[in-house]
Amino acid sequence: MKAPALLKTLDDLMNQARHYAEFCLRKSGTMAPTLFLIGADGPMMFMPDQMTDESDKDNFANAARLVCIAHNASACVMALEA
């Protein structure tokens, strides 16, 4: 599967997240939680440093919210293992 060339819509972000998840899971069997967003300066990814306990998960969720606000996100997708 080929990654989308331009990320401009929510569907583009969904496809990018799917592509990234498939790549990570096929290559290493694991994937860190990742936020994909389209902000005022274009697309970006945000990943946590570590996720070892419940507090880290809460911190990542809060940081993801702040990143979306700071970059004036028009669309965002969070990809994670479930």
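Structural remarks
- Of the residues screened, Ala79 is one that is touching a Ser or Thr at 6+ places or on another chain (Cβ under 9 Å) and either touching a residue at least 60 places away in the same chain (Cβ under 8 Å) or not charged (D, E, K, R) (or both).
- Each residue in the range 48-80 was checked for being part of a loop (DSSP other than H, G, I, E, B) and open to solvent by less than 90 Å² (accessible area, probe 1.4 Å), and 5 of them qualify.
- Within the range 34-48, residues that are in contact (Cβ under 8 Å) with a residue 60 or more places away in the chain have Cβ atoms under 6 Å from residues that are surrounded by fewer than 17 Cβ atoms within 10 Å (Cβ to Cβ) and not in a strand (DSSP E or B) in no pair, counting only partners at least 6 apart in sequence or on another chain.
- Residues in the range 1-31 that are touching a residue at least 24 places away in the same chain (Cβ under 8 Å) and in a loop (DSSP other than H, G, I, E, B) were compared, and the one that is surrounded by the most Cβ atoms within 10 Å (Cβ to Cβ) is Leu7.
- Any hit, the range 32-49, residues being farther than 21 Å from Asp12 by Cα and in contact with a helix residue (DSSP H, G or I) (Cβ under 7 Å, 6 or more places away or on another chain): yes
- Residue check for Pro43: over 16 Å from Ala82 (Cα atoms), open to solvent by less than 50 Å² (accessible area, probe 1.4 Å), at pLDDT below 95 and of a type outside the set (Asp, Glu): no
The values are calculated or read from the model by the stated rules, or taken from the named source; none is laboratory data. Since the structure is predicted, the reported quantities are computational estimates derived from the model, not experimental observations. Glycine gets a Cβ as well: all are built from the backbone with ideal geometry, and neighbour counts include every protein chain shown. The protein model used for the area step is the full one, side chains on, heavy atoms only, and it has no ligands, DNA or RNA in it. Shrake-Rupley method; radii C 1.70, N 1.55, O 1.52, S 1.80 Å.
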